[in-house]
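What follows is calculated from the coordinates using simple rules that are stated; it is not laboratory data. Everything numeric in this text was worked out from a predicted model, so none of it was measured. Please note: Cβ atoms are built from the backbone with ideal geometry, for glycine as well, and neighbour counts cover all protein chains shown.
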Amino acid sequence: MNENGAHGQDDTLSRLLRVEQLQLSQNNLNSSLLANLIISSILVFLLRPVIDQSTLLIWWLIVQTISVFRFIDILRFRRASPAPDAIKPWLNSFSIGTYLGAIAWAAAPIFLFPVESISHQALISFVLAGMTAGAGVTLSSLWRPVLAYLLLPLIRWLFSLRCRTQISAGLCA
């Protein structure tokens, strides 16, 4: 096809679709970032009796720092209102922020895992399951970042349990 043929139209439609997907994801991100703030704060508060305070604070600050940078990215994106041809750097920035958020939550069972407390282990599992479910909804328009949020924290948590059943579940995920 020539430059103005079907391939050119497909390219234009693809770029317009990416813009819409990113705008939808950016709009949904506000509630996701608020959930990060609230849930990470509650988790840190509830884990205080069983996890070192400085470890909790460092993890919480990492989660909050990533959230702040993601929020700044939302504001910059809205202010820039990029053209479809200029969307790729914004998609990359959004994806990197999402991957970093997923890694921070995946670190929770590594650094916040209370070996002696089954009830706190259950708490972490419910929080991670809720965060991954919420990410699946709020990030559903962009599938790669969704996979990071769905897979990294949950698989990492399952492997942290060091039990044959949980490791098997981690492999299946």
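Expressed in nm to one decimal, what extension gain is obtained for the pair residue 46 and residue 111 from 0.36 nm per residue of sequence separation less their Cα-Cα distance?
21.9 nm
For the pair residue 83 and residue 69, label points projected 7 Å from Cα toward Cβ lie 2.9 nm apart. Taking 0.36 nm per residue of separation and subtracting the Cα-Cα distance, full extension of the segment from residue 16 to residue 37 would add 4.4 nm.
Rounded to the nearest 0.05, what FRET efficiency do residue 57 and residue 140 give with R0 = 30 Å and r taken as the Cβ-Cβ distance? Could you check?
Details: r = 32 Å, r/R0 = 1.08.
Rounded to the nearest 0.05, the efficiency is 0.40.
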